[in-house]
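Taking it in order: structure first as structure tokens, then the write-up.
The values are calculated or read from the model by the stated rules, or taken from the named source; none is laboratory data. From a predicted model like this one, the values you see are computed outputs, not experimental measurements. Methodologically, a virtual Cβ is constructed for each residue, glycine included, from the backbone with ideal geometry; neighbour enumeration extends over all protein chains shown.
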Amino acid sequence: MTVELIAVGTEILLGNIVNTNAAYLAEKCAGLGLSCYYQSVVGDNEERLCGIIETALKRSHVVILTGGLGPTKDDLTKECVAKVLGRALYEDSHSRERIASYFEKRGFVITENNWKQAQVPEGAIVIDNDNGTAPGLIVTEGDRHVLLLPGPPGEMKPMFEKHMAPYLNRLQPEIIHSITVKLCGMGESMVETEIGDLIEAQSNPTIAPYAKTGEVHLRVTAKAVDEEAAMEMIRPVTEELYRRFGGYIYTSREEVTLEQAVVTLLEERNLTVAVAESCTGGMVAARLTKVPGVSRVFQRGFVTYSDDSKHQLLGVSGETLKRYGAVSRETAEEMARGAAAAAGAKVALSVTGIAGPEGGTSEKPVGLVYVACFVEGAVEIREFHFKGNRDRIRESSVANALTMLRRCILDAKH
Ligand code: ATP
Ligand code: MG
């Protein structure tokens, strides 16, 4: 069953407000097992609104409209739906009473145009609005269903949850359920190549790769009668992904982030960590400290931007800085060793690089970043060449540093 979303309002068209209703409804509809092939935005204009409703009814089973249900003249949604479906409008006495009591409770004065909101197309199911005055509406015509919801998200969302979602659920008994298998330390194209055969052969469940900074997420989605049945179908696919990617997968739980996985690993191994950062300016520490309970493993973070601070706080030797420069394997290593020693931590991570846009040379171009990871005496150092602007280079540095930290802990002998 297909669904189509139409947001009504000139202010959305002009970019004055963001169409968050579409994002919300698209996600909800996907979860309900509906396939959404079209979304549109149309201004408060009768001709164009009627046009898009007609088009939508030709190609989609369910059409959901938000906005334009209010009391003013430019609120036209209901009128246009009635016109397209050839239904007359009449005053729904129940809605009239609700509107009257809504105003009375708040001590507001009703103006004549408010009664417009009690007008409904013939044959429509009227849905109470618990958070405003304009009721929602469901109008069916053959196998087509038109759902009308108020524009304000605070009214639309509760109405959708309480009334529209159960209605759609009855129309479409199958649900869609997904889980996300999250990988780090392997690029998107490599991941796709490794599972090309699975992607090719897929129909239900499907596998969709999403590239994130320094990570790849594989979303496995199944359509089934209920969540349990969907999980039955998803399980063999995730097992196959674990067989192929093993240690590159850091979680298959929706709520677990890379930093969360790293913190859990540190806790399991009874390790404490310190961080020394130059070009990331504290971003690695910020990501780690996003995790609740991180104080059990996080010792301290150093933001050592200048050569002086690298020397004074981390003990990087003047000789190293002079000979190899602040952005070098040698400095990265001394930063990591120094951070571990200064903090008394068993594990330390350091990052030093050139985030640009200035400061690059032909030998040390913008995007060159060294990450060193110290684990109980041993240090591993890696050289990276990141692309993009300053923000991207810094974010890539953080993600790859965390990935390296995870890898080094896993590889360490315990
Ligand atoms: P009202 O009775 O408030 O006029 P309405 O159903 O007529 O409600 P609109 O007038 O279209 O809705 O929009 C009212 C407000 O709702 C907008 O100013 C905006 O803040 C919010 N809104 C409308 N449509 C959307 C949307 N698609 N995404 C996010 N917010 C929206
Ligand atoms: Mg309005």
Candidates Thr180, Thr206, filtered to the one that is under 21 Å from the mean Cα position of the chain (by Cα), surrounded by fewer than 19 Cβ atoms within 10 Å (Cβ to Cβ), over 20 Å from Tyr24 (Cα atoms) and outside the structural domain of Ala30 (by TED's automatic domain parsing): Thr206
Where in region 1-74 are the strands (runs of 3 or more DSSP E), entirely inside, with at least 3 residues that are in contact (Cβ under 8 Å) with a residue 60 or more places away in the chain and closer than 17 Å to Asp143 by Cα? 2-8, 62-66
Cross-chain or 6+ apart pairs with Cβ under 7 Å, region 301-322 first and at negative phi and part of a loop (DSSP other than H, G, I, E, B), then crowded, with 17+ Cβ neighbours inside 10 Å and of a type outside the set (A, V, I, L, M): Thr304/Ser278; Thr304/Lys310; Tyr305/Ser278; Val316/Lys310; Val316/Thr331; Val316/Glu334; Val316/Gly338; Ser317/Glu334
Top-ranked residue of region 334-359 - restricted to ones that are of a type in the set (D, E, K, R) and over 35 Å from the mean Cα position of the chain (by Cα), ranked as surrounded by the most Cβ atoms within 10 Å (Cβ to Cβ): Glu334
Checking Leu57 against (1) within 36 Å of the chain's Cα centre (by Cα); (2) over 23 Å from Leu32 (Cβ atoms), only one condition comes out false. Which one? (2)
Hits in region 29-68 - residues which are of a type in the set (Phe, Trp, Tyr) and within 16 Å of ligand 1 (Cβ to nearest atom): Tyr38
Taking the condition of being of a type in the set (Asp, Glu), within 16 Å of ligand 2 (Cβ to nearest atom) and surrounded by 15 or more Cβ atoms within 10 Å (Cβ to Cβ), how many residues in region 70-105 meet it? 2
State whether one or more residues within region 83-92 are near ligand 1 (Cβ under 9 Å from one of its atoms), outside any strand (DSSP E or B) and in contact with a strand residue (DSSP E or B) (Cβ under 8 Å, 6 or more places away or on another chain). no
